[in-house]
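Below: one structure, written as structure tokens.
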């Protein structure tokens with residue numbers, strides 16, 4: 001299974017970002033300090049964590065959107081990940 005595309009919405013400093021493709025050899029996150037590079041990596045880790053990390057709506061959801069979070073029913077969708085399944089992957 002290979003990660004092909006990532007979209008992140010409403011995670012820490014990220015309101016909504018354009019989806020980006022993950023290249024098979026190198027994908028580089030470039031930006032100024034405090035522009036959200038670490039937030040992107042944290043959101044990816046929490047989406048498919050091997051260390052038990054998970055989304056905490058009180059901590060991870062942008063504070064400017066607190067009223068929106070309180071009105072929402074169920075869990076908030078933060079990431080949309082697109083994968084390519086290999087022949088050996090179960091469906």
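In a residue-by-residue description of the stretch 5-14, the property of being more than 11 Å from the chain's Cα centre (by Cα) and farther than 22 Å from residue 67 by Cβ applies to no position.
Screening the stretch 1-88 for helices (runs of 4 or more DSSP H) wholly inside it with 3 or more residues that are in contact with a strand residue (DSSP E or B) (Cβ under 8 Å, 6 or more places away or on another chain) and without any contact (Cβ under 8 Å) to a residue 40 or more places away in the chain returns the ranges 37-47.
Selection of the stretch 40-50 for residues being more than 19 Å from residue 1 (Cβ to Cβ) and in contact with a helix residue (DSSP H, G or I) (Cβ under 9 Å, 6 or more places away or on another chain) yields only 42. Restricting the stretch 67-91 to residues that are exposed (fewer than 12 other Cβ atoms within 10 Å of the Cβ) and farther than 22 Å from residue 22 by Cβ, the residue that is nearest to the chain's Cα centre (by Cα) is 75.
For the stretch 63-91: of the residues being closer than 16 Å to residue 39 by Cβ and touching a helix residue (DSSP H, G or I) at 6+ places or on another chain (Cβ under 7 Å), which is modelled with the highest pLDDT? It comes out as 81. Within the stretch 46-61, being surrounded by 13 or more Cβ atoms within 10 Å (Cβ to Cβ) and at pLDDT 80 or above holds for 46, 47, 55, 60, 61.
The values are calculated or read from the model by the stated rules, or taken from the named source; none is laboratory data. Everything quoted here is computed from the prediction, not taken from an experiment. In this analysis, Cβ positions are derived from the backbone assuming ideal geometry, glycine residues included, and neighbour counts consider all displayed protein chains.
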